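Beneath this line is the structure, given in structure tokens, with notes to follow.
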Amino acid sequence: MLKSNKSSDRITTRAEQIIAESLLSILNSMATGDRIQESPEFRDVLSAVEYFIPEVLSEIHPEWAHDSLDGVIPLVAAKTGVRTMSIFGQCILISDQTIVPLLAGMQVDTKGDKVTWLECKLGARNESGMIRTPYHSPSARIKLLHSLDGKRDLIDWAYNVTFGERTD
């Protein structure tokens, strides 16, 4: 079910509602800077992010209308402000089962029914396009994930999308 998100003229999708509700519940019991721990609610957030990120990307990048994510693998997830979190890790592209880096920050509203700010950076780019690492290679996947830690600002991101305004 879609409903109007008047603050940003976006449609609020079910995936966005799940993120907002679950994330608000998680973040309300944490201090800024705390890492988000594995829990059923956080698994709900990660599952919904698989749908939400492609929805947002497809608003600007038509190729995302036909692609989606098949998993989000966080290296670090933390509360970064009031009702705000950041995930840095990898995601699996469903189209070819490859992995790419992901950095997503989001803030939810006080009611827990929509995302009011999102900054999403996805995929590292080189001269040939977006770098895709085969998912079936666990050692390459883990090596890539750890090689990116602490270097998120050095990545030449293939996609960089922001909407809304962070309010903290």
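The values are calculated or read from the model by the stated rules, or taken from the named source; none is laboratory data. The model shown is predicted, which means the values in this text are computed figures rather than measured ones. Positions of Cβ are backbone-derived with ideal geometry, glycine not excepted, and every protein chain shown enters the neighbour counts. We work out accessible area using only protein heavy atoms, side chains counted, and drop any ligands, DNA or RNA first. Shrake-Rupley method; radii C 1.70, N 1.55, O 1.52, S 1.80 Å.
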Nearest 10 degrees, 0 to 90: helix 40-60 Cα axis against the chain principal axis: 80 degrees
Amide H proximity to residue 36 below 5 Å, modelled H, separation 5+ or other chain, gives 77, 78, 79
Where does each of 133, 110 land when they are ordered by accessible area, with a 1.4 Å probe and the largest first? 110, 133
Most fluctuating of 49, 76, 108 in the GNM of the chain (C-alpha, under 10 Å) is 76
Can you give the accessible area of residue 27, probe radius 1.4 Å, in Å² rounded to 10? 0 Å²
accessible surface per residue for region 101-161, probe 1.4 Å, DNA/RNA/ligands not counted, whole Å² -> 53 Å²
Between 0 and 90 degrees, rounded to the nearest ten: what's the tilt of helix 14-27 against the longest Cα principal axis of the chain? 80 degrees
Find how many whole Å separate the alpha carbon centroid of region 53-73 from the alpha carbon centroid of region 75-92. 18 Å
Roughly speaking, what is the stretch gain from residue 127 to residue 30, that is 0.36 nm per residue apart minus the C-alpha to C-alpha distance, in nm to one decimal? 30.8 nm
So how far apart, in nm, are the two label points at residue 65 and residue 95 if each is 7 Å from Cα heading toward Cβ? 1.3 nm
Compare 168, 109, 70 by solvent-accessible area with a 1.4 Å probe and give them largest first, with all protein chains kept in place. 168, 70, 109
Karplus 3J(HN,Hα) series, Hz, for region 98-107 with 6.51 cos²θ - 1.76 cosθ + 1.60 (x for Gly, Pro): 10, 10, 9, x, 9, 10, 9, x, 8, 10
Applied in sequence order to region 157-168, the curve 6.51 cos²θ - 1.76 cosθ + 1.60 (Karplus, θ = phi - 60°) yields integer Hz couplings, x standing for Gly and Pro, of 5, 6, 10, 9, 10, 9, 9, x, 9, 6, 10, 9
The percentage of the accessible area of region 14-164 (probe 1.4 Å, all protein chains present) made up of carbon and sulfur atoms, to the nearest whole number, is 50 percent
Round to the nearest 10 and give me the degree value, 0 to 90, for the angle of helix 138-148's Cα axis relative to the longest principal axis of the chain. 60 degrees
From the Cα gyration tensor of region 14-164, with a ≥ b ≥ c the square roots of its eigenvalues, which class applies: rounded if a/c is under 1.5, or else prolate if a/b is larger than b/c, or else oblate? prolate
